[in-house]
Structures are given as C-alpha cells and as structure tokens.
Amino acid sequence: MPHRSAYVCLPCRSSFKLGGRRERVCPRCARPMIHAGDAFEAPPRRDREAWRVVAVLLNAGVRFHQRCCGCGPGFRPRTLREVRERMAYARRRGEPIAGALVRPDLYA
C-alpha cells in the first residue's frame with residue numbers, strides 16, 4: 001500500500017489522505033493545502049477550537065508524523081489553553097515556538 005499523508009485546508013476545515021508529497025490544492029476552495037503528515041487525525045469540522053489549535057500547530061511548522069516505534073507523532077496540544085501556555089513558555093525562555101508546542105511537560 002502506498003504511503004499516504006494528510007493534507008489540510010484550514011479555511012475549509014477539511015483533511016484528505018493523499019499519496020506523494022507534492023503541492024496540493026483544496027478540491028472545495030482551490031487554495032493551497034498544508035502537508036500535515038501521515039499521523040494527522042482531523043477533528044470534526046464543527047469543532048472550531050480544535051481547528052484553531054491545528055492552525056497554530058501547522059503554521060508554526062509542527063507536523064504529525066509517525067515516530068520510528070510506530071506510536072504516533074508524540075505530544076501535541078489539544079486545547080487553546082495548552083497552546084497559550086506553551087507559547088508563553090517559549091517567549092519567557094526564548095525557545096522556538098514549534099519546540100515548546102510539542103513539549104509534553106513544560107517544567108520537566
């Protein structure tokens with residue numbers, strides 16, 4: 001079975017599993033889609049908060065790829081509160097936002 005990755009259209013709040021890693025456009029609005037990775041699971045379209053979290057992650061460069069052990073992409077925040085906490089942590093520490101967003105425990 002060929003490798004399939006998720007491509008996301010943030011304005012439409014939709015995701016499509018497609019083969020290859022070339023640039024894709026949304027079949028609904030024709031805007032460019034963002035490669036989210038092979039382990040991305042889209043939230044329900046009506047869950048606006050979850051899609052805002054997805055938008056922050058993808059725009060920060062965070063992707064959802066399987067790790068070598070096959071156990072998923074690792075920690076990703078699920079709420080806007082977790083996103084805000086991690087972004088504040090990144091500003092205080094001078095850490096890149098993408099790194100703080102995927103950090104499971106901020107104070108370990």
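The values are calculated or read from the model by the stated rules, or taken from the named source; none is laboratory data. On a predicted model such as this, the values are computed, not experimentally measured, just so you know. Positions of Cβ are generated from backbone atoms using ideal geometry, with glycine treated the same way; all protein chains shown enter the neighbour counts. Calculation scope for accessible area: heavy atoms of the full protein, side chains included, ligands and nucleic acids excluded. Shrake-Rupley method; radii C 1.70, N 1.55, O 1.52, S 1.80 Å.
Just name the residue that is farthest from the chain's Cα centre (by Cα) out of those in region 92-108 that are surrounded by 11 or more Cβ atoms within 10 Å (Cβ to Cβ) and of a type in the set (D, E, K, R).
Arg93
Arg63 versus (1) open to solvent by less than 80 Å² (accessible area, probe 1.4 Å); (2) part of a helix (DSSP H, G or I): which is the lone unmet condition?
Arg63 satisfies every listed condition except (2).
Consider Arg21 against the criteria (1) in contact with a Cys (Cβ under 8 Å, 6 or more places away or on another chain); (2) free of Cβ contacts under 8 Å to residues at least 24 places away in the same chain: it satisfies all of them except one. Which criterion is unmet?
The failed condition is (1).
Of these, Ala50, Ala36, which one is under 15 Å from the mean Cα position of the chain (by Cα), among the small types (Gly, Ala, Ser) and not in a helix (DSSP H, G or I)?
When all the criteria are applied, what remains is Ala36.
Condition check: open to solvent by less than 30 Å² (accessible area, probe 1.4 Å), of a type outside the set (S, T, N, Q), free of Cβ contacts under 8 Å to residues at least 40 places away in the same chain and over 17 Å from Leu106 (Cα atoms). Does Phe40 satisfy that?
yes
Which one is surrounded by the most Cβ atoms within 10 Å (Cβ to Cβ) among residues in region 6-25 that are in a loop (DSSP other than H, G, I, E, B) and at pLDDT below 95?
Going through the qualifying residues, I end up with Arg24.
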